[in-house]
Amino acid sequence: VGGGFHGKSTLLQALQMGVYDHIPGDGRELVVAEPASVTIRAEDGRAVQSVNISAFIDNLPFGKKTNDFSTPDASGSTSQAANILEALEVGAKTLLIDEDTAATNFMIRDQRMMQLVHPSKEPISPYISKVRALKRDLGVSSIMVIGGCGDYFDVADLVIMQDKYTAVDVTPEAKKLARPLADDVAFPRITPRIPLRESIDASREGDRAGFERVAINGKHELRFGDENINLHFLHQIAHQSQTRAIGDAILTVRDKLADGHSSLSQILDALEERMDGQGLDVLSPGKYVGNYARPRRFELAGAINRLRSIAFRQADAK
């Protein structure tokens, strides 16, 4: 918390890059984050494939189901819900959220709005109603920048105020303002998804059969065949060499690991085991690419999830 321009978002941005090792003495090693920390935000317009977002969004008008949700054009709230569930699916343990880049209706509903619009008519269960269940049931913490909604004092374990870029613990003061907590329901089990290898294709229209092209344009644009994968909102990609590795890793996933039975998380486990044992050469056997940097599983999963051609089958589906 804290006033505008006092360093709240700056601290969160430092934490999101605190998942990487830093050079001793450069100052950044003083800001360290849990390695499985993932930045979450709203992402209007992104495609979503077969994600169970019913923990946050359910009871849509006209009976539309959200336990196997797909759309080519997600809204702010549905994209943020999908981003959270996709991160949890591959092992995220801390979620980093800035209210400035979050969907307001996903984060909070105040008492007067709930009185006017009955909860039975509102399909969104706001994040504030799930944040404690996430920690209790899944062991997933949340670090949040909140500047305009004191309701989060009710669910916070620790409240830090940024005052002229100095962090001050104000938890006792915040708890004096907090209200009693209502009972919350258990957070549901995360639904694993199985990527379908035939939906991953880097060929381009007009090229000869069997030729595929993967290229990058900076660290946040990946050209995959005829498709541009937009990675601008994967804020924890540190360098374009990671993006280059992500592109070839998607092909490795398709050619070596996607068997129609393994979930995305299991596939990433297998890929990481190969990279641990053989290095990044496993991404391009025989080519000896010298400009790779190892990406995290979360950004690789994020790129796969943003491939508009990708198709998944939920592991629970018959």
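Here are the numbers for the structure shown:
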item	result
So Ala238, is it under 22 Å from the mean Cα position of the chain (by Cα), surrounded by fewer than 20 Cβ atoms within 10 Å (Cβ to Cβ), within 22 Å of Gln13 (Cα to Cα) and of a type in the set (A, V, I, L, M)	yes
Enumeration of residues in segment 82-91 that are surrounded by 23 or more Cβ atoms within 10 Å (Cβ to Cβ) and of a type outside the set (D, E, K, R)	Ala82, Asn83, Ile84, Ala87, Val90
Residue pairs meeting the criteria (Cβ under 7 Å; at least 6 apart or on separate chains; first over 15 Å from Ile97 (Cβ atoms), in segment 9-28; second open to solvent by 50 Å² or more (accessible area, probe 1.4 Å) and outside any helix (DSSP H, G or I))	Gly18/Val32; Val19/Pro35
Hits in segment 105-125 (condition: without any contact (Cβ under 8 Å) to a residue 24 or more places away in the chain and either buried (at least 19 other Cβ atoms within 10 Å of the Cβ) or not in a loop (DSSP other than H, G, I, E, B) (or both))	Arg109, Gln111, Arg112, Met113, Met114, Gln115, Leu116, Pro119, Lys121
Positions within segment 180-235 being of a type in the set (D, E, K, R) and under 29 Å from Gln80 (Cβ atoms), in sequence order	Asp183, Asp184, Arg189, Arg193, Arg197, Asp201, Lys219, Glu221, Arg223, Asp226, Glu227
Scan of segment 211-238 for residues that are acidic (Asp, Glu) and without any contact (Cβ under 8 Å) to a residue 40 or more places away in the chain, ordered by number	Glu212, Glu221, Asp226
Residue satisfying condition, being at pLDDT below 95 and of a type outside the set (A, V, I, L, M), within set Asn230, Asn217	Asn217
Listing of strands (runs of 3 or more DSSP E) fully contained in segment 1-77 that carry 1 or more residues being over 15 Å from the mean Cα position of the chain (by Cα) and among the polar types (S, T, N, Q)	48-51, 69-71
Residue in segment 288-303 that is among the hydrophobic types (A, V, I, L, M, F, W, C), open to solvent by 30 Å² or more (accessible area, probe 1.4 Å) and in a helix (DSSP H, G or I) present	no
Among residues of segment 241-270, those that are surrounded by fewer than 18 Cβ atoms within 10 Å (Cβ to Cβ), assigned to a helix (DSSP H, G or I) and over 19 Å from the mean Cα position of the chain (by Cα), counted	4
Qualifying residue in segment 164-182 (condition: basic (Lys, Arg), on the phi > 0 side of the Ramachandran plot and either buried (at least 17 other Cβ atoms within 10 Å of the Cβ) or not in a strand (DSSP E or B) (or both))	yes
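The values are calculated or read from the model by the stated rules, or taken from the named source; none is laboratory data. Source: prediction; values computed, not measured. Cβ atoms come from the backbone with ideal geometry, glycine included; neighbour counts cover every protein chain shown. Ligands, DNA and RNA are stripped out before the accessible areas are found, and what is left, the full protein with its side chains, is counted by its heavy atoms. Shrake-Rupley method; radii C 1.70, N 1.55, O 1.52, S 1.80 Å.
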